[in-house]
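Each remark here refers to the structure printed beneath this line.
Since every read-out is calculated from the coordinates, none of them should be taken as a lab result. Bear in mind the structure is a predicted one, so any value in this text is a computation, not a measurement. Cβ atoms come from the backbone with ideal geometry, glycine included; neighbour counts cover every protein chain shown.
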Amino acid sequence: MNKTRLVLALCLSIAAAALPASANPLEEYLWVKRPLVIFADTPEDPRFVRQMELLAENPEDLEERDVVVLIDTDAANPSDLRKLLRPRGFQLTIVGKDGQVKLRKPRPWTIRELNRSIDKMPLRQQEIRQRWER
C-alpha cells in the first residue's frame with residue numbers, strides 16, 4: 001500500500017470512529033492532540049484529494065506535533081464536527097490542544113506550512129523548550 005493510500009485509510013478510519021455525543025465533538029482531544037480537521041463536500045473534491053496527497057508526504061512531522069487528522073467529506077449529512085466548525089466547501093482547520101480554532105484555510109496546505117503554523121503556537125513552543133531541557 002503506498003503512502004497516500006495508507007494515510008487516507010488512516011484518516012478515514014479516524015473519521016469513521018464515532019464522535020462522542022457531547023457539546024464539543026473535539027473534547028476527547030483536549031490537551032492531548034491537535035486536531036487537523038479537513039472538510040470537503042465530497043471525497044472527489046480536487047482540493048481534498050490534493051490535501052491527502054500532501055499529508056502523505058511526511059506524516060511523521062504531524063505525529064511529532066501530536067496532530068490527529070479528522071476528515072468529513074459528507075456535506076449532505078452534517079456531523080457534529082461540521083456543525084461546530086461550519087465549513088463552506090473545502091476547509092482545513094487546525095485546532096489547538098486548548099480546543100480553540102487556530103487556523104482556517106480554504107485551500108490545501110503543505111506539511112511545511114502546517115508545521116510552521118503549529119510551531120508558532122505558545123503550547124508548541126513550550127513543548128519544544130521542555131524537549132531541549134531534558
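Couple of notes before you dig in:
- Rg/Rg_globular for the stretch 34-86, with Rg_globular taken as 2.2 N^0.38 Å and Rg from C-alpha atoms: 1.19
- Fully extended contour minus Cα-Cα distance, from residue 127 to residue 80, at 0.36 nm per residue: 13.9 nm
- Sites matching GluC sites (Glu not before Pro) across the stretch 37-134 that sit in DSSP coil, with at most 16 neighbouring C-beta atoms within 10 Å: 44, 57
- Partner aspartates and glutamates for residue 105 [C-alpha distance under 18 Å; skip if fewer than 8 residues away on the same chain]: 41, 45, 53, 72, 113, 119
- Database remark: amide H of residue 70 closer than 5 angstrom to the amide H of 36, 37, 38 (H placed geometrically; neighbours at sequence offset of 5 or more, or on other chains; Pro and chain starts carry no H).
- The trypsin sites (Lys or Arg not before Pro) found in the stretch 23-129 that occupy coil by DSSP, while having at most 14 further C-beta atoms within 10 Å, are 88, 120.
- Residues in the stretch 82-99 that a label on residue 112 would reach, taking backbone N under 14 Å of a point 7 Å out along Cα→Cβ: none
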